[in-house]
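Right, one structure below, let's go through it.
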Amino acid sequence: MSDPLVSIRNLGLRYGTFRALEDVSADFSRGTCIVICGPSGSGKSSLLRCINRLEEFQDGDVVFDGASLRACRDLPRLRSEIGMVFQHFELYPHLSVLDNVTLAPRIAKGKPRQEAEETARRLLDRVGIGDQAGKFPGELSGGQQQRAAIARALALEPKLMLFDEPTSALDPEMIAEVLRVMRDLARNGMTMLVVTHEMAFAREVADEIVFMDKGRIVERAETARFFSAPTAPRAREFLDRILHRL
Amino acid sequence: MGFDWAVIHDNLPFLMRGLWNSVQLAAITVVLSFPLGCIVALGRISRRRWLRYPATMLVHALRSNPLILIVFWFFFLVPILTGRPVGDFASVLAAFVVFFSAYFAEIVRSGIQSVRRGQLEAALSTGLTYAQAMRFIVLPQALRSMTPSLATECVIVFQGTTIAYVVGMREFLHTTFLVTERTMRPVELYLFAALVYFVVCLAGSIFARRLEGKAGIPR
Ligand SMILES: Nc1ncnc2c1ncn2[C@@H]1O[C@H](COP(=O)(O)OP(=O)(O)OP(=O)(O)O)[C@@H](O)[C@H]1O
Ligand SMILES: [Mg+2]
């Protein structure tokens, strides 16, 4: 645990006067899969977005792979090492699936088209949609779109993957195929921070669970312990609600 | 009173020269003020105040003035500033480019703002710079949603060329007017003028429709 990939230190984020994150500190080791959960508005998305500086935080710092984000002068480079997957996929509708995946490697990293396309096809195969490469995002199902978005993020060979509720916009029958891809990623040693309400996935795949409430981390525990005996009352309440909902 | 269409036939070369001037003025105005408008629009939506404030002020200042005033301004000011006469076409063109870039800027701005913010964030998150994200992701999508307003604006530019008349430029309406004075045949000539404006604008909108079809994106 001496060399965490991500080290969040007394992080504070405000929107105007509203405190979205307050004094958040946490280290995440390489090769672990962390699930972040908590009620709506607790700051889960904000936390992820601070880690690739889509959000400019005011207090504290995030150290990624040994380098301070606050001091970072080359954001594009930093961001190309951190893949992000969004709730609403955010595939580029005017580009083919293949071009969605190859765009950043070609433009941001200057890879030759052919090399980028080879990598892209391999990744699309890996997420199970190799046959959809020539289509436009609008012609894919939601589950296929989200898998394409995962391939797009992987194309930069990131050291860290951030998932912000990757399955919340999907119909139930498509959730499984996306979770399967994520599970494979975790098994292959990718460092992952996943905001999700899929507790079955969390229980099976996550190494640790982080529970947030009102802009703070109120509980962090190994997965088994979190589910058997969450200590924070808020976390217990939340778990009760989410596990007995269906 | 009978119509005498020969008056148009007889003066056609002169009239067509006027029309050519109008078309040139409109076309060059669009070609120059659209990219300028894109730049101003990027300034308008910038987070940096030193870009946003001047861009916003420029747009408001230009849009609150009638085109005719801007044309006068350039006609009298540009020679003073440059110290030499620039010719009526050049000064009118400069006025048009500046004036219409403000309108194009507003069209481009609303086009950009019609693209979901997540698109920009997705592009940034993959390591693209802001400029690259705009160039490859946001602007292509914005362009598609603004094609109809762009076409309308081009028609307005073409109709606006009639204002060049006030500084003596021989645009189409001006030449029509001159012929009318000489021949005393206003009905035929102004009907003809109306027809020409109609045809040019129709051609413009058909062209725009074709472009829109090409930019069409399956969703
Ligand atoms: N751009 C913004 N401007 C102002 N307030 C914001 C902004 N983004 C988020 N917030 C507020 O910050 C708080 C935390 O938001 P965040 O999106 O991080 O929550 P979340 O835990 O991801 O919630 P959800 O489960 O609904 O996605 C919320 O109260 C939200 O209203
Ligand atoms: Mg969220």
**Request:** List, in order, the whole-Hz ³J(HN,Hα) value for each residue of segment B:57-73 obtained from phi through the Karplus relation with A = 6.51, B = -1.76, C = 1.60 and θ = phi - 60°; use x for Gly and Pro.
**Result:** 4, 4, 4, 5, 4, 6, 6, 8, 9, x, 3, 4, 5, 4, 4, 4, 3
**Item:** Test item: Cα-centred dipole of segment B:35-150, Lys/Arg +1 and Asp/Glu -1 on Cβ, debye
**Value:** 440 debye
**Request:** Could you tell me how many degrees, from 0 to 90 and to the nearest 10, lie between the Cα long axis of helix B:88-113 and the main elongation axis, the longest principal axis, of the Cα atoms of chain B?
**Result:** 40 degrees
**Centre separation in Å (Cα based) which lies between segment A:176-246 and segment B:141-219** = 62 Å
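Fully extended, how many nm does the chain gain between B:R17 and B:D4 (0.36 nm per residue separation, minus their Cα-Cα distance)?
Numbers: separation 13, 0.36 × 13 = 4.68 nm, distance 2.15 nm.
Answer, rounded to one decimal: 2.5 nm.
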**Prompt:** In Å², rounded to the nearest 100, what is the total accessible surface buried by chains A and B against each other with a 1.4 Å probe?
**Reply:** 2000 Å²
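Please identify the trypsin sites (Lys or Arg not before Pro) of segment B:63-127 that satisfy two criteria: DSSP loop assignment and at most 15 other Cβ atoms within 10 Å. Which are they? Present the calculation step by step, with values, prior to reporting the outcome.
Values: sites: B:R63, B:R109, B:R116, B:R117; in loops: B:R116.
When the trypsin sites (Lys or Arg not before Pro) of segment B:63-127 are filtered for loop state and at most 15 Cβ neighbours within 10 Å, B:R116 remain.
Remind me, what semi-axes does chain A give for its equivalent ellipsoid, largest first in whole Å, using sqrt of 5 times each Cα gyration tensor eigenvalue?
Semi-axis lengths for chain A are 29, 22, 16 Å.
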**Prompt:** If you take the charge dipole of segment B:52-181 about its Cα centre, with +1 on Lys and Arg Cβ and -1 on Asp and Glu Cβ, which of B:Y53, B:T176, B:L120 is farthest toward its positive end?
**Reply:** B:L120
**Message:** Cut-off under 14 Å on the C-alpha distance; same-chain residues fewer than 8 positions from A:K135 excluded. Which aspartates and glutamates are left, in chain and number order?
**Reply:** A:D99
**Complete:** chain A, Gaussian network, Cα under 10 Å: of A:C33, A:C50, A:C72, the residue fluctuating most is A:C72
**Request:** Please list, in chain and number order, the residues 5+ apart from A:V85 or on another chain whose amide H is under 5 Å from its amide H, with Hs placed from the backbone.
**Result:** A:L162, A:F163, A:D164
**Item:** Degrees, to the nearest 10: B:186-214 long Cα axis against longest axis of chain B
**Value:** 20 degrees
**Modelled FRET efficiency - R0 51 Å, A:R122 with A:R241, Cβ distances, 0.05 increments** = 0.80
**Asked** Which chymotrypsin sites (Phe, Trp or Tyr not before Pro) in segment B:1-108 pass both tests, a DSSP loop state and at most 15 other beta-carbon atoms within 10 Å?
**Response** B:F3, B:W5
**Item:** Rg to Rh, two decimals, where segment B:6-215 supplies the alpha carbon set and Rh follows Kirkwood
**Value:** 1.06
**Complete:** In segment A:93-129, the residues losing 40 Å² or more of accessible area (1.4 Å probe, heavy atoms of protein chains only) relative to their chain alone are A:P93, A:H94, A:L103, A:I107
**Request:** Could I have the simple spin-label model distance between A:S228 and A:S68, label points 7 Å from Cα toward Cβ, reported in nm to one decimal?
**Result:** 4.2 nm
**Prompt:** Farthest toward the dipole's positive end in segment B:6-215, which of B:P13, B:V78, B:V40, given Cβ charges of +1 (Lys, Arg) and -1 (Asp, Glu) about the Cα centre?
**Reply:** B:V40
**Message:** With +1 assigned to the C-beta of every Lys and Arg and -1 to the C-beta of every Asp and Glu, and no other charges, what is the dipole magnitude of the protein assembly as shown about the Cα centre in debye, to the nearest 20?
**Reply:** 640 debye
**Request:** May I ask you to evaluate 6.51 cos²θ - 1.76 cosθ + 1.60, the Karplus curve with θ = phi - 60°, for each residue of segment A:70-87 and list the ³J(HN,Hα) values in order in whole Hz, giving x for glycine and proline?
**Result:** 4, 8, 5, 9, 10, 4, x, 5, 4, 5, 6, 9, 10, x, 10, 10, 9, 4
**Request:** At a Cα cut-off below 12 Å, give the aspartates and glutamates reachable from A:K159, other chains included and same-chain residues fewer than 8 away excluded.
**Result:** A:D65, A:E81
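With runs of 4+ DSSP H residues as the only contributors, calculate the mean residue ellipticity of the protein assembly as shown at 222 nm using -39,500 (n - 2.57) per run, divided by the residue total and rounded to the nearest 500.
Estimated from H runs of four or more residues: -18500 deg cm²/dmol.
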**Message:** Checking the cross-link filter: which lysines have an alpha carbon closer than 18 Å to that of A:K44, excluding same-chain neighbours under 8 positions apart?
**Reply:** A:K214
**Item:** For the protein assembly as shown, projected area of the alpha-carbon convex hull averaged over all directions, nm²
**Value:** 30.2 nm²
**Item:** Rounded to 10°, Cα long-axis angle of helix A:113-126 versus longest principal axis of chain A
**Value:** 60 degrees
**Request:** Please list the non-local residues whose amide H lies under 5 Å from the amide H of A:E208, H modeled 1.01 Å from N, same-chain partners needing a gap of 5 or more.
**Result:** A:C33, A:V35, A:T223
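The values are calculated or read from the model by the stated rules, or taken from the named source; none is laboratory data. Values in this document were obtained by computation on a predicted structure and should not be read as measured data. Glycine gets a Cβ as well: all are built from the backbone with ideal geometry, and neighbour counts include every protein chain shown. With ligands, DNA and RNA removed, areas are computed over all heavy atoms of the protein, side chains included. Shrake-Rupley method; radii C 1.70, N 1.55, O 1.52, S 1.80 Å.
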